[in-house]
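Below: the structure, in structure tokens.
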Amino acid sequence: MNDQDFRDQAHGIVDWMADYLDTIERYPVRAAVGPGDIAAKLPETPPDDSHTIEAILGDFERDILPGITHWQHPRFFAYFPANSSPPSVLAEMLTATIGAQCMLWQTSPAATEMETRMLDWLRQMIGLPPGFTGVIQDSASGATLVAILTAREKMLDWQSNEEGLFGQPPLAVYCSAETHSSIEKAATIAGLGRRHVRKIAVDGDGGMRPDALEAAIAADQAAGIRPCCVVATIGSTGTGASDPIRPLSEICATHGVWLHVDAAWAGSALILEEHRHLADGAEAADSFVFNPHKWLFTNFDCSAYFVRDEEALIRTFEIMPEYLKSREGRQVIDYRDWGIPLGRRFRALKLWFVIRAYGVDRLKAMIADHIAWTHRLAEAVRATPDFEIMTPPRLALFTFRYHPAGTNDGAALDALNARLLQRINDDGRIYLTQTLVDGTYVIRFAVGQRSTELRHLDEAWKVIRDLAAGL
């Protein structure tokens, strides 16, 4: 393919992209295929001859697209959003075309310096104080691993990177029973062991109980186990619950424990001043993460990770082979020392496009709409016979279940709601997921797609009621 061929094909693909976004509602939200259906359409051996782009795109539409779940669909209400937006897509096109590997300042100075500035823009937007420095990680899961590794090194006086964990005292990580599974995974990767992850009891609102954390730390200290890191959550995956950051930060300060705040989804809502109470006390955290790729209309992957002690972060990950040395040294930031991968894409460019194209005021308005619409729908569910709210709307997430009059057996209700959810998702008009609340099967409803309008929530509620009535 020469440059002119590329130009011609690119124009056609951009037209396809625009048509896709314009007509996305005609697709079922979730892929309507079974295991192995797509693989069966892909040849088992690679082609010897070249294929035209027209042929490849034709196969893409016929064979691949039916196996795509449309995360940008306005009736996608499952999991959390993995958001995109036209300005972000345009930036990704430039990033892909330039193809820069931005591991060092000198390998693309603009990428490094823009990342520094964009993370400071985000810091200001969510209300973190100036003492925090930011870096883009691939995901909140990756950022949590980075936090636990840094906490481990600091707790062991930087010895585990040199000598390994053999002979070192066991270290404990603390999180609530509602915390994301990535904390447990990070503790295992960091060599601390799943057995040393403490799931702390929560209160009636789903937040970690400070008294239970204090008791767990005391018990570990008495047993010769060193408290290493507390992971607090703002906006849990299951129900949107948040931990009380300030009292947890005070406990961490008393015992010299690293405090990491995981606000992967809910952090975007902190651009609205009226929701910053959720992060009260976060100024005392050692690290903080949220994902613009969830609810700030920026393509995956883009996770904003902030630390108060950047030297601890760098000391944990810095390694200096001769081939990576540069004459600038510590005059510049080399982000390859701020996380696990050496290679890095130019991810700050899409943040620059999104924030400038929308402006902070428009971003605030979009998130505020999602929250208001979610509360409105929750009230409609609450007012409807045979349905009940299981956890109240927290930002743009609530849970509910179908509870027909006269059906009070817990196991039967769980099975009924599992059937309802399967029916909803097989229907294809909307997409929802489930969770457990105090052992009860419930259905989650999460709002956050860029193209979602109030009418899409109304349409979803009609689908839910119609399909429930037919059970």
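Taken together, the values in this text are just the output of simple stated rules run on the coordinates, not laboratory data. Because the structure is predicted, anything quoted here is derived from the model rather than measured. Neighbour counts are summed over all protein chains in view; Cβ atoms, including those assigned to glycine, are modelled from backbone coordinates with ideal geometry.
Things to note:
- Spacing of the two label points (7 Å from each Cα toward its C-beta) at ALA365 and GLN168, in nm: 5.1 nm
- Where only DSSP H runs of four or more residues are counted, the chain gives -13000 deg cm²/dmol as its mean residue ellipticity at 222 nm, each run worth -39500 (n - 2.57).
- Hydrodynamic estimate: the Kirkwood radius of segment 318-471 over Cα pairs, inserted into Stokes-Einstein at 25 °C and 0.890 mPa s, corresponds to D of 128 µm²/s.
- At R0 = 41 Å, FRET efficiency that the Cβ-Cβ distance of MET1 and ASP120 yields, to 0.05: 0.55
- Largest to smallest principal axis extent of the C-alpha atoms in segment 100-345, angstrom: 51, 48, 26
- Listed pairs LYS199/LYS364; LYS199/LYS294; LYS199/LYS350; LYS154/LYS185; LYS154/LYS199 exceeding 29 Å between Cα atoms: LYS199/LYS364; LYS199/LYS350
- Taking a point 7 Å from the Cα of GLU379 along the Cα-to-Cβ direction, the residues of segment 428-466 with backbone N closer than 15 Å to it are 458.
- Gyration tensor over the Cα atoms of segment 396-471: the corresponding equivalent ellipsoid has semi-axes (square roots of 5 times the eigenvalues, largest first) of 22, 14, 10 Å.
- Span-rule helices in the chain, defined as complete DSSP H runs reaching 20 Å or more along the axis (Cα) with Kyte mean at least 0.5: 140-155
- Base-10 log of normalised Debye intensity for the chain (one unit scatterer per alpha-carbon) at q = 0.08, 0.11, 0.13 Å⁻¹: -0.54, -1.01, -1.31
- With the simple model of a label 7 Å out from the Cα in the direction of the Cβ, VAL332 to THR440 spans 5.8 nm.
- Taking the Cα centre of the chain as origin and assigning +1 to Lys and Arg Cβ atoms and -1 to Asp and Glu Cβ atoms, the resulting dipole is close to 700 debye.
- Each part reduced to its alpha carbon centroid, segment 401-471 and segment 124-152 end up 35 Å apart.
- For segment 3-70, the alpha-carbon coordinates run over 39, 35, 11 Å along the three principal axes, in decreasing order.
- Segment 152-216: chymotrypsin sites (Phe, Trp or Tyr not before Pro) in DSSP loop, at most 10 other beta carbons within 10 Å: PHE166
- Using the Stokes-Einstein relation with a Kirkwood hydrodynamic radius computed over Cα pairs, the translational diffusion coefficient of segment 119-220 at 25 °C and a viscosity of 0.890 mPa s comes to 159 µm²/s.
- In nm, spacing of pseudo-spin labels at ASP280 and VAL33 (7 Å Cα→C-beta vector): 5.0 nm
- The 3J(HN,Hα) values that the Karplus relation (6.51, -1.76, 1.60; θ = phi - 60°) gives for segment 53-62 are, in residue order, 4, 4, 5, 5, 5, x, 5, 4, 5, 7 Hz. Gly and Pro appear as x.
- 10 Å Cβ shell holding at most 14 others, DSSP loop, trypsin sites (Lys or Arg not before Pro): longest site-free stretch of the chain: 1-324
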